[in-house]
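Working notes for the structure below.
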C-alpha cells in the first residue's frame, strides 16, 4: 500500500509543471480534442449551452461576444495582435476569439464523455492574450482563468487558476492545464472555464482559445531499440536490418498489458501490430518507407478501452529505397555521333561511371563524343542516394556504322507549283512537316507547299543509325493583279483605269496598246473608239508566269435618228434604223401614233423598225418616238414619217 502511494505521489510530481499542472509522464492519444475546425470544415457557433457569449461572424467581436475564426486583424484601432492561424502555425486552423463579458463569468462549459474510469487524465488548452501591451494606455486588463473539472453531479475533481495571462509584444500561445483522476465508474466529466477578470467598460481582457484536449496520463514508458533510446533511424532497403524493440512496465502499474503499434502516416493514425503483446518486439526488414513504432500500456482491466492507454516515446525508422533501375539496358550507338548515357534521376543522387577505354564520369548523364566501334561494351554506374544507399546499374552499348543524310539543295518555286525533293544515305526516310508532301516516307517526295517551308528528313540505315538534314523550299508568291472595275464613257471622252498590282513586279503593261496614255502604269488614261477589253499584265522578276486581269470599257456613241423611211419593199429605206443604238444594250424605243396608241417597241439590242403594227403595214403618217437609254440620261423624243 505504501509503495502504491509512493508511485502516485511520484506521478503527481511529474505532472505538476509551469503554466499549470501538465503531465510530464507518458500520454495517451487525445480522447477529446476540440480544435475549432479549419478553413476546410464548416464554420459556425459552438453547440448550444457551451458558452454564454454571443456568436458573431466578425473577426473583431465586441464586448460579451465571440467568434470562431482563423484570422483577425486591425481590431479596435489596431490594439489587438494580428491573429493568423491556430497555435500550431496552420494558417487555415481556427480558434475561439473572445471579447470578455462586463462581469466575470463562466464562458465555456462542456460535457466530456468517453473517458476511462479510475484513470489519470491531463486536461490542457492553448491560450493567447490578444491585447497589445501598449493598448489601454499600458494598463489593460489581463485575462485570468479558472479551470474546473467536475463530475456530472458537481463533485470537484480538479481546479486550476492560470493567474494573470501576461501581455506580449507579439502573438504568443501558451498551454495551460491540469490533471485529474476519474473516480471508479465515472467516464464523463464537466469542464468549466471561468474568466475572473472584468470586461465591458474595462479595457482589455481579450483572449483566444485553441485545442482543448483530454489525454490519459501515466508514468513514463520508455521504448528502446537495440538497447538504446532512438528517436530516428535511417537504413537502406538492401541492408535487411533486424531491430529489437524493448520496454518495461513502470512500477506504478499493478497488472498492466502492453501492445506494440505502427503508424504509416507520420503518427496521424496508429494500428496494433498483430501478436506483438510482450515487452520485446522484433522488427523484421521491410520495403522502403517511413515507419513509426511505439508501445502502449494500460491496466489489464482497462486495456480493451483505447481511452485508457498511454504511449511510449516514438521511434521512426526511415527505410530508404534504392535508386530505381534504368529501363533500357541494350543501347545503340552510331559511329561519328555523340552518345548520351542516361541514368535514373533522383534528389541529391551522386554518380560514378566506368566503361571501356578507361571511361569515367561523375555526372548523371555523361556524353561519349564522336563514338567509334572501340566504344562498344559495358558501362557501369554506381548510384548513391543522400542517405548513402547504393545501387549498381549497367548498360551495354553496341556501336554500329553511322550514316550521313544527303539532300537536294535549296530550291525556289512559284506559288501553286511543285518540286521534287531528294534524299539518300539510308534504307528508311521520314520527312516533316508532312504538309504539301506527296509521300512523307519516300526518299524523293513531290513538295507543293503553300508557303516557304523547311523540310527535315530523318534518314535511317540498316543498323538503325539515324541522321537528319533539311531542304528549304522558297515559295515565290504570285503577283496579285487587278485591272479595276469596268468603265463607261461617251464617244470622244477619256477615262482613267484603276488597276493595281500587289507584290514587286519587274514590269507592267496594258493591251491593246491603242488609244491609251501611260500604258506602263496601273492607272492609264484611255479613249477607245469602240467597246474595248483592256488587259493588265504584270511580270515577276523571279521568273514566275505573267499574271493578268481584264477590265471592260463601254463606249456610248452618239445616236443618229432618221425622221423618214419608206417601207414599200423596194429595198431602199425599207426600215427605220437608229444608228449606234446597239451601243446602249439596255435602251428601249417606243413609237406612238398621233392618237397616242403605241405601235412599236424596240429593245434587247435591236435598232430597227419595219413600219408594221401587229404584222400589218401602218398607213402613211407622222409617228412619234421616245428613246430611254437607261443610263441615267434624259429620254430622247422626236418624230418620224412613214412614206409609201
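The values are calculated or read from the model by the stated rules, or taken from the named source; none is laboratory data. Just so you know, these numbers come straight off a predicted model, no measurement behind them. Counting neighbours? That spans all protein chains shown, and the Cβs are built from the backbone with ideal geometry, glycine included.
Would you say residue 383 is buried (at least 17 other Cβ atoms within 10 Å of the Cβ) and either closer than 28 Å to residue 287 by Cβ or in the same structural domain as residue 265 (by TED's automatic domain parsing) (or both)? It is true that residue 383 is buried (at least 17 other Cβ atoms within 10 Å of the Cβ) and either closer than 28 Å to residue 287 by Cβ or in the same structural domain as residue 265 (by TED's automatic domain parsing) (or both). For region 418-462, a residue qualifies if it is on the phi > 0 side of the Ramachandran plot and free of Cβ contacts under 8 Å to residues at least 40 places away in the same chain, and exactly one does: 436. Taken together, 115, 145 contain a single residue that is touching a residue at least 24 places away in the same chain (Cβ under 8 Å), in contact with a strand residue (DSSP E or B) (Cβ under 9 Å, 6 or more places away or on another chain) and closer than 19 Å to residue 52 by Cα, which is 145.
On inspection, residue 59 passes the criterion of being within 21 Å of residue 170 (Cβ to Cβ), assigned by TED's automatic domain parsing to the domain that holds residue 35 and modelled with pLDDT under 95. Screening residue 275 on (1) on the phi > 0 side of the Ramachandran plot; (2) without any contact (Cβ under 8 Å) to a residue 24 or more places away in the chain; (3) in a strand (DSSP E or B) shows it passes everything except condition (3).
Could you grab me the full set of residues in region 435-452 that are assigned to a strand (DSSP E or B) and surrounded by fewer than 18 Cβ atoms within 10 Å (Cβ to Cβ)?
Within region 435-452, the first condition is being assigned to a strand (DSSP E or B), and the residues that meet it are 437, 446-447.
446 - this is the single residue of region 435-452 that is assigned to a strand (DSSP E or B) and surrounded by fewer than 18 Cβ atoms within 10 Å (Cβ to Cβ).
So, of the residues in region 295-336 that are touching a helix residue (DSSP H, G or I) at 6+ places or on another chain (Cβ under 8 Å) and in a strand (DSSP E or B), which turns out to be modelled with the lowest pLDDT? Residue satisfying both the conditions and the ranking: 320. Just to be sure, is residue 267 part of a loop (DSSP other than H, G, I, E, B), over 40 Å from the mean Cα position of the chain (by Cα) and within 30 Å of residue 70 (Cα to Cα)? In short, no.
Considering (1) surrounded by 13 or more Cβ atoms within 10 Å (Cβ to Cβ); (2) closer than 30 Å to residue 644 by Cα; (3) free of Cβ contacts under 8 Å to residues at least 24 places away in the same chain, the lone condition that residue 532 does not fulfil carries the number (2).
The residues listed here are 230, 292, 259; of these, the one that is assigned to a strand (DSSP E or B), within 30 Å of residue 385 (Cβ to Cβ) and outside the structural domain of residue 59 (by TED's automatic domain parsing) is 292.
Take residues that are under 30 Å from residue 536 (Cα atoms) and either touching a residue at least 60 places away in the same chain (Cβ under 8 Å) or outside the structural domain of residue 531 (by TED's automatic domain parsing) (or both) and tell me which of the strands (runs of 3 or more DSSP E) falling wholly in region 546-636 contain 1 or more.
Of the strands (runs of 3 or more DSSP E) lying wholly inside region 546-636, those with at least 1 residues that are under 30 Å from residue 536 (Cα atoms) and either touching a residue at least 60 places away in the same chain (Cβ under 8 Å) or outside the structural domain of residue 531 (by TED's automatic domain parsing) (or both) span 547-556.
Against the conditions (1) outside any loop (DSSP other than H, G, I, E, B); (2) outside the structural domain of residue 61 (by TED's automatic domain parsing); (3) under 30 Å from residue 115 (Cα atoms), residue 191 satisfies every one except (2).
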